[in-house]
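Please treat every number below as a calculation from the coordinates, not as lab data. What you see is a predicted model, and the numbers here were worked out from it, not measured in a lab. A quick note on method: Cβ atoms are made from the backbone with ideal geometry, for glycine too, and the neighbour counts reach across all protein chains shown.
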Amino acid sequence: MNAISESRSTSAASRIARGIGVAALSTILVAGLAGCMTGRVASGAVHQNAPAPAGLDLTQTADRMAEQLAQQAAANRANSIRFAGVPADRVAEALAREAQATQVTQVTPTNPYPGTPADRIEYRIERLQPQ
């Protein structure tokens, strides 16, 4: 009549239980790996450093940058006092003229001895100096 023995049903039940356990474990592992692979979600504002002021040399050390910022602030204060009550377009024109005037006066010195080796130049300078 019934050809299935008692031992077969327990082995089938244990296989099903192991299969369910493996499926649950693999699901947990896949979910964990998926959680690790996704990027971090930005929560609100993004924190960024403020941009450096114009004209600041970023290759210098921090104390030199602080000195340069202090000099720029002093120049800005002097300009704001000097141009008090003057319209902005006239201030910009005056500053542009001043910048152009300083660029013209800054001439690179030329070599008075072109093609002469340095030791000969030193000899000439020593000879010209009074002793």
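Eigenvalues of the alpha-carbon gyration tensor of the range 62-104, scaled by 5 and square-rooted, set the equivalent ellipsoid semi-axes at 23, 15, 7 angstrom, largest first. The local environment of ARG127, defined by Cβ-Cβ distances under 13 Å, has a net charge of -1 under the rule Lys, Arg +1 and Asp, Glu -1.
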